[in-house]
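The values are calculated or read from the model by the stated rules, or taken from the named source; none is laboratory data. Computed from a prediction, not measured in an experiment: that's the story for all the values here. Don't worry about glycine lacking a Cβ; one is built from the backbone with ideal geometry, like all the others, and counts go over all protein chains shown.
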């Protein structure tokens, strides 16, 4: 599979590489209960530069990641590179405020004050979040904006009333080329794509080699409406990328026994075909026609380079046939052409 093939997001003119770079680990600050170790500043900048050097042309980030630091580090890594040579997606739905009122002194190499995130799906909140993102990214535009995690505080009503109408207006005005939503469930995004003319959904963890819960209902609706999917967390927060003999995480928590058992069964099939489990995990999600890109993060340059090798590895058709025969993936799941 060619990880640097470009796929257009509907008819927006935005083309992303099949393999992108997820910006969570670039933040240098642990997220989600300490389950995401982050990179130091210098390493984060090297990861971004090396990704572009090797052919990655899609970079995802968010204000939430490190309270603005992921965006600032991405900007540093892309500094001096022609802006039209890559695509950035970031997110709105949260605004960043001073962690301690009155303490606005800049800290660290990013020269940002200590900030904390607060949900704000109002029109003003969406516009403020976008303006501040552009400032941290040191650019006058981003190609894709996702509404981030409205499911976390059950903000579907606010998303319907203010957030998406605002994003649709910003797209109409040409300030954004593509709009969508990003979250860890498929049910709410399904309702959004049925209600609004959105371009892309960032779905984290619900269409993977281990968890195909989004396959039966969500993915066909995306195909029907030509809504592209970006797969976040293709390794399910670590379980498909770690040594299964030790502690592993699934869905940002300690992996339950049944998920560990399934991951081991997947690995056993991969081992029989001399295929790395990470390669199968990445290429499985990219085999679905609705999926435009997968965006694993990387904590170091070596991990980034390994992800590229995994996306490029040759995988025999017999592996996918055996996974279906063993009922480890559904019979109807699309698989990559060998």
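Tabulated values for the structure
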quantity: Only one of 330, 316 that is farther than 28 Å from residue 201 by Cβ and out of contact with any strand residue (DSSP E or B) (no Cβ under 7 Å at 6 or more places or on another chain); calculated: 316
quantity: Check on residue 176, surrounded by 16 or more Cβ atoms within 10 Å (Cβ to Cβ), free of Cβ contacts under 8 Å to residues at least 60 places away in the same chain and either touching a strand residue (DSSP E or B) at 6+ places or on another chain (Cβ under 7 Å) or under 30 Å from residue 326 (Cβ atoms) (or both); calculated: yes
quantity: Residue in the stretch 107-125 that is crowded, with 21+ Cβ neighbours inside 10 Å, under 29 Å from residue 310 (Cα atoms) and touching a strand residue (DSSP E or B) at 6+ places or on another chain (Cβ under 8 Å) present; calculated: no
quantity: Single unsatisfied condition, residue 59 versus (1) free of Cβ contacts under 8 Å to residues at least 40 places away in the same chain; (2) surrounded by 13 or more Cβ atoms within 10 Å (Cβ to Cβ); (3) out of contact with any strand residue (DSSP E or B) (no Cβ under 6 Å at 6 or more places or on another chain); calculated: (3)
quantity: Where a residue in the stretch 317-338 is at negative phi and surrounded by 11 or more Cβ atoms within 10 Å (Cβ to Cβ) and its partner, wherever it lies, is assigned to a helix (DSSP H, G or I) and modelled with pLDDT under 95, with Cβ under 6 Å and at least six apart; calculated: none
quantity: Residues located in the stretch 189-220, provided they are surrounded by fewer than 16 Cβ atoms within 10 Å (Cβ to Cβ) and either assigned to a helix (DSSP H, G or I) or within 17 Å of the chain's Cα centre (by Cα) (or both); calculated: 191, 194, 195, 220
quantity: Single match in 121, 96 (criterion: farther than 21 Å from residue 16 by Cβ, in a loop (DSSP other than H, G, I, E, B), at pLDDT 95 or above and more than 18 Å from the chain's Cα centre (by Cα)); calculated: 121
quantity: Those residues of the stretch 235-286 which are closer than 19 Å to residue 305 by Cα, at pLDDT 95 or above and over 21 Å from the mean Cα position of the chain (by Cα), in sequence order; calculated: 275, 276
quantity: Set 16, 7, 45: member being assigned to a helix (DSSP H, G or I), more than 16 Å from residue 306 (Cα to Cα) and modelled with pLDDT of 95 or more; calculated: 45
quantity: Filter result (surrounded by fewer than 22 Cβ atoms within 10 Å (Cβ to Cβ) and under 17 Å from residue 232 (Cβ atoms)) within the stretch 288-303; calculated: 288, 299, 303
